[in-house]
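Have a look at the structure below before the remarks.
The values are calculated or read from the model by the stated rules, or taken from the named source; none is laboratory data. Here the structure is a predicted model, which is why all the values come from computation and not from measurement. Counting neighbours? That spans all protein chains shown, and the Cβs are built from the backbone with ideal geometry, glycine included.
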Amino acid sequence: MAQILYAVRSMGAAPIPRNYQLFYEAYVGSNPELSRELAALGNRPSQEQLDELASRHLGSDQVNVIEKAHDKLLTELDTVLKLLKQEQASLESYSRLLGETAVRINSKSNFSSDLIRNAISLLSEATGDTISHGEKTVGTMAERSQEMDQVRRELDEYKRIANTDSLTRLANRRAFDERLAAIYDDPAAPELTALVLADVDNFKKINDNYGHPVGDKILATVASVIRSNVRKEVFVARTGGEEFAIIVQGNTPEEVLIICERVRRALETRAFRNSRSGVNYGPVTISLGYSMAAQSADAGELYAKSDAALYHAKNSGRNRTVIYEDNMKKEYVSKSWLIYKK
């Protein structure tokens, strides 16, 4: 997020929600064309230029949702702040009244019954007014709280949509990057946390032989098989193409292996057949590689090691699970970013 804020300020763009979303997609998302076009605008682009770019790459509906939710949230927050200021002013007035009454009492050498009655009357009236005002404030605050809850639900829904892969309904690459980075926020978390990277074997052949619509259906089925063979709280994402990521927390390396093998076998034995034509698209298999977070200093190193394990699984026969070992590093680095033969 710091990178996005810096980029917005550096280009002289207005710090408004739709610009943050545009820069986020350009710098963190997977849209190189948007990144190039945004950079081509140079310093201090007009808002019209930025909006036109956002409309083409993000869609006007998405931009409008962001602005609407943001404006509503600001309105509700402004109302709450005004209520709090009113309540504070009331309490300050009441406090002054108490102080003045105390001074009046202390300034008298002799207390008369009239003075006591007047003081009690003033305090009683002030207390009643304050309680009444407080009750009204609580009621109004409850109403505002409900409205703010609705705004929060709308923002949560937008975030859910923005972080969901439309084909598989799993988390997308953006959500994965956030979750991966968060592993190292808690010093204790990496101890029993694993990053599993999975890749569908020979997927290019499936697309070449049967076409992309069939390939998409197979990817959706693979996602469903993965999701149904891990615990509900396990994070599963489609990170791009036929690649998936699983973040498993609270398990030893041996337990992670069991989970991976359960997923692999479930997919290996799954029938991929067209019920109408009878065409058999299978077998469909995946290769998996994983590394424990405790083996790495940060998210980047963890990803690289899991990727090295996946590379090893691919190049040692596919349809298998491999855990990262130190002797894989040299082999993988020497072929850095090698594209797997699908």
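Taking the stretch 274-303, which residues are over 22 Å from ILE258 (Cα atoms) and of a type in the set (A, V, I, L, M)?
Answer for the stretch 274-303, where residues must be over 22 Å from ILE258 (Cα atoms) and of a type in the set (A, V, I, L, M): VAL279, ALA297, ALA299.
Counting just the residues of the stretch 1-21 that are modelled with pLDDT under 70, out of contact with any His (no Cβ under 9 Å at 6 or more places or on another chain) and part of a helix (DSSP H, G or I), which one comes out farthest from LEU50 (Cα to Cα)?
Once the filter is applied, the top-ranked residue is ALA2.
Search the stretch 233-246 for residues that are outside any loop (DSSP other than H, G, I, E, B) and among the acidic types (Asp, Glu) and pair each with any residue that is crowded, with 19+ Cβ neighbours inside 10 Å and at pLDDT 95 or above when their beta-carbon atoms are under 6 Å apart and the residues are at least 6 apart or on different chains.
GLU243/ASP199
Would you confirm whether any residue within the stretch 37-50 is under 22 Å from ASN163 (Cα atoms) and either exposed (fewer than 12 other Cβ atoms within 10 Å of the Cβ) or modelled with pLDDT under 70 (or both)?
Within the stretch 37-50, none of the residues are under 22 Å from ASN163 (Cα atoms) and either exposed (fewer than 12 other Cβ atoms within 10 Å of the Cβ) or modelled with pLDDT under 70 (or both).
Select from the stretch 35-60 the residues that are within 12 Å of SER10 (Cβ to Cβ) and in a helix (DSSP H, G or I) and write down the one among them that is nearest to the chain's Cα centre (by Cα).
Going through the qualifying residues, I end up with LEU38.
Given the residues GLY317, GLY282, which is the only one that is farther than 26 Å from ILE183 by Cβ, out of contact with any Leu (no Cβ under 6 Å at 6 or more places or on another chain), assigned by TED's automatic domain parsing to the domain that holds GLY211 and modelled with pLDDT under 90?
Working: GLY317 fails: modelled with pLDDT under 90.
Just a single option satisfies the conditions, and that option is GLY282.
Being closer than 28 Å to ALA304 by Cβ, of a type in the set (S, T, N, Q) and surrounded by fewer than 21 Cβ atoms within 10 Å (Cβ to Cβ) narrows it down to one of ASN229, ASN209, so name that one.
Details: ASN209 fails: closer than 28 Å to ALA304 by Cβ.
Unique residue meeting the criteria: ASN229.
Quick one: is ALA223 surrounded by fewer than 20 Cβ atoms within 10 Å (Cβ to Cβ) and modelled with pLDDT of 95 or more? Quick ask: steps written out before the conclusion?
Working: surrounded by fewer than 20 Cβ atoms within 10 Å (Cβ to Cβ): yes; modelled with pLDDT of 95 or more: yes.
Answer is yes for this residue.
Any residue at all in the stretch 184-195 that's assigned by TED's automatic domain parsing to the domain that holds SER291, buried (at least 22 other Cβ atoms within 10 Å of the Cβ), over 16 Å from PRO283 (Cα atoms) and among the small types (Gly, Ala, Ser)?
The answer is yes; a qualifying residue exists.
Of the residues ARG276, ARG264, which single one is assigned by TED's automatic domain parsing to the domain that holds ILE183 and either touching a residue at least 40 places away in the same chain (Cβ under 8 Å) or more than 19 Å from ILE206 (Cα to Cα) (or both)?
Details: ARG276 fails: either touching a residue at least 40 places away in the same chain (Cβ under 8 Å) or more than 19 Å from ILE206 (Cα to Cα) (or both).
Result of the check over ARG276, ARG264: ARG264.
Which one is surrounded by the most Cβ atoms within 10 Å (Cβ to Cβ) among residues in the stretch 275-308 that are part of a loop (DSSP other than H, G, I, E, B) and out of contact with any strand residue (DSSP E or B) (no Cβ under 8 Å at 6 or more places or on another chain)? Outline the logic, then answer.
Quick first cut of the stretch 275-308, residues part of a loop (DSSP other than H, G, I, E, B) only: 275-279, 281-285, 296-298.
Filter once more, keeping what is out of contact with any strand residue (DSSP E or B) (no Cβ under 8 Å at 6 or more places or on another chain): 275-278, 283, 296-298.
Details: SER275: 6, ARG276: 6, SER277: 7, GLY278: 7, PRO283: 14, SER296: 20, ALA297: 10, ASP298: 13.
Within the stretch 275-308, the match that is surrounded by the most Cβ atoms within 10 Å (Cβ to Cβ) is SER296.
Identify all residues within the stretch 208-232 that are assigned to a loop (DSSP other than H, G, I, E, B) and either more than 21 Å from the chain's Cα centre (by Cα) or within 16 Å of ASN172 (Cα to Cα) (or both); write none if there are none.
Initial filter on the stretch 208-232 (assigned to a loop (DSSP other than H, G, I, E, B)): 211, 229-232.
The answer is GLY211, ASN229.
Among the candidates LYS232, LYS205, which residue alone is over 30 Å from ILE183 (Cα atoms) and either among the basic types (Lys, Arg) or outside the structural domain of LYS314 (by TED's automatic domain parsing) (or both)?
Checking each option against the conditions leaves just LYS205.
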